[in-house]
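Here the structure is laid out as structure tokens; the discussion comes afterwards.
The values are calculated or read from the model by the stated rules, or taken from the named source; none is laboratory data. Predicted model, so just to flag it, every value in this text is computed and none were measured. Neighbour counts are summed over all protein chains in view; Cβ atoms, including those assigned to glycine, are modelled from backbone coordinates with ideal geometry.
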Amino acid sequence: MGCVGGFAAHTPPAPQVIEMVLILEVLLTAKLILVTGVTGYIGELLIPRLLEKGYRVRCLARNPAKIPYHPWLEKVEIVQGNVIQPGSLPDAMQGVAVAYYLIHSMSSGEGYARRDILAARNFARAAESAGVEQIIYLGGLADPDKDIARHMRSRIETGNALRTTSVPVTEFRAGLVIGPGSISFEMIRFLTEQLPILVAPRSVISRNQPVATQNVLDYLLSALDTPACRGKVIEIAGPEVYTYAGIMLTYARLRGLKRRFLTLPFIPLGFMAFWVGKMTPVPASIAKPLIDGMRSDSILREDIARQIFPNIQPIGYIQAVQHSLEQLKPEYLEPFWNEGGKPAIQLKHKGFLIDHRQIQIKAPSEAVYHIVTSLGGENGWLYADWLWRLRGWLDRLAGGPGLRGRPQVREAIVGNMIDFYRVEEINPGHKIRLYSELKAPGDGWMEWQVKPVDGGSLLSQTAYFAPKGLAGFLYWYLLGPIHRLVFGGLIRSIAWKAENEEMGQGFATD
């Protein structure tokens, strides 16, 4: 017995135990990083990169329930707080080593500059009281000694407000940020795609030094372990200087679009913002200060970023645009609209025009998935099948593939054809995405996702269209009434068929 007991005492711990101990040790020793602006473009991209590097992440949000779904949500701590209300900040700052300040108030209307300064001072004081080691802030690139737009002045004064305490601040100043989802890039993308003649004020001759999203993230992450950047204002940019007109014309050339500029001496700022709000995903309230910011140069004055961060190689504008265009595919999107609960929604997002619908079905998810993967071919499309046939006939007439003879036997396997669709992605029992090979001025996809819920299943149906040029937008908008009729009818027909088949099975069993 003694031998057995002695042997047991010296038996090495199981691998699972060792792994748990190592994970616990990492969690206890890893720095805690606070991120604000988590619903913004840079914030939502920064968080998964922090997690990849082994940091613990805490997110500050005014309304945590409004944070869109992201795969990283379950891996971070979310604390409710409002930088305008200093009493809500101490709990968020507790135990934080470094805090990212990625907040602006442009969308709040008049008085946003005053609110920005108040919020920054509250944040800095709370950080000082909690013993935070560093604040990292992303501001705007402009010369403060010149006459600059109110929006750009506000970004610089926000940095000054953050420096009113003893906490070292690393302030990065950036101009146009180029990447899918950036409001700057989406404004450029949607306007250039839709307007053969780009009418603009003379401010389009102002100069900007655009920076790739990847480089912005590189600098923000590197600031965590680069002591030399603390207490510094660091201007970051790509290697080339463009006029705003050049930025848009270069985008057009990369997309194979012919565009011309017509400059006018004066166009009312509110008028321009209104049309940007209508034509792009950028709301007019945000477009107005952004357009106003175009009247001054946004270029490097001193390049200390290369000295402090020699390992970061700035990406050129053309390369940044090309990389963004390569991501013009649904797999690069995080479908936050799936969590909204709305039965139908149409939106513009990252170069896409999207029609999303969802419906609860009183049938098992397996049965719904089987019906979805049986659409097309000899089974038809359950709703207005004659319109699907007509579209295929018109496509064949235009030299496209048409319905490919509507095969009687086919399986939902990646690469297989279903009428004029090619199966692009499958997650068995859960998801299928089809790519349209119809001749059209853009790329189209249809996607279905089904998941079990109490009382049955939830079916999501999403149509994606990435338009190319004005023709692509006209194609989508002119067919809008038909799309809404067909897409709405299709998802309801899938639900009806699943529920009736389920009822039929129930009666047969009884």
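Descriptive notes on the structure:
- Lone unmet requirement of (1) assigned to a helix (DSSP H, G or I); (2) surrounded by fewer than 16 Cβ atoms within 10 Å (Cβ to Cβ) for Lys258: (1)
- Residue identified as modelled with pLDDT under 95 and small (Gly, Ala, Ser) among Ala99, Ala149: Ala149
- Among residues of the range 438-464 that are assigned by TED's automatic domain parsing to the domain that holds Ser365 and modelled with pLDDT of 95 or more, those with a beta-carbon under 6 Å from a residue that is of a type in the set (Ser, Thr, Tyr) and surrounded by 21 or more Cβ atoms within 10 Å (Cβ to Cβ) at least six positions away or on a different chain give the pairs Gly444/Ser436; Trp445/Tyr464; Glu447/Thr462; Val450/Tyr369; Val450/Ser457.
- Failed item, numbered, when Gln322 is tested on (1) assigned by TED's automatic domain parsing to the domain that holds Gln214; (2) under 30 Å from Ile426 (Cβ atoms); (3) modelled with pLDDT under 95: (3)
- Test: residue in the range 117-136 that is within 18 Å of Ser222 (Cα to Cα) and crowded, with 24+ Cβ neighbours inside 10 Å: yes
- Check on Gly277, surrounded by 15 or more Cβ atoms within 10 Å (Cβ to Cβ) and in the same structural domain as Ala228 (by TED's automatic domain parsing): yes
- Yes/no for Leu141 being within 30 Å of Phe465 (Cα to Cα) and either at pLDDT 90 or above or touching a Lys or Arg at 6+ places or on another chain (Cβ under 8 Å) (or both): no
- Within the range 457-500, considering residues that are under 25 Å from Lys329 (Cβ atoms) and of a type in the set (Lys, Arg), the one surrounded by the fewest Cβ atoms within 10 Å (Cβ to Cβ): Arg484
Here is a yes/no grid of residues against (1) surrounded by 15 or more Cβ atoms within 10 Å (Cβ to Cβ); (2) part of a loop (DSSP other than H, G, I, E, B):
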site: Leu51; (1), (2): yes, no
site: Gly54; (1), (2): no, yes
site: Leu60; (1), (2): yes, no
site: Ala65; (1), (2): no, no
site: Pro71; (1), (2): no, yes
site: Asn82; (1), (2): yes, yes
site: Gly87; (1), (2): no, no
site: Ala99; (1), (2): yes, no
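- In the range 423-448, the residues that are basic (Lys, Arg) and crowded, with 18+ Cβ neighbours inside 10 Å: Arg433
- Out of Ile148, Ile135, sole residue that is outside any helix (DSSP H, G or I), among the hydrophobic types (A, V, I, L, M, F, W, C) and farther than 14 Å from Ile103 by Cβ: Ile148
- Which listed residue, of Thr165, Thr192, is assigned to a loop (DSSP other than H, G, I, E, B) and in contact (Cβ under 8 Å) with a residue 40 or more places away in the chain: Thr165
- Lone qualifier among Gly504, Gly469 - being of a type outside the set (A, V, I, L, M) and modelled with pLDDT of 95 or more: Gly469
- Output for the range 197-224, where each listed residue is assigned to a loop (DSSP other than H, G, I, E, B) and at pLDDT 95 or above: Gln209, Pro210
- Counted residues, the range 327-360 - those being within 18 Å of Tyr41 (Cβ to Cβ) and either free of Cβ contacts under 8 Å to residues at least 12 places away in the same chain or outside any strand (DSSP E or B) (or both): 10
- Among the residues making up the range 32-52, those that are modelled with pLDDT under 95 and either acidic (Asp, Glu) or more than 12 Å from the chain's Cα centre (by Cα) (or both) are Gly37, Glu44.
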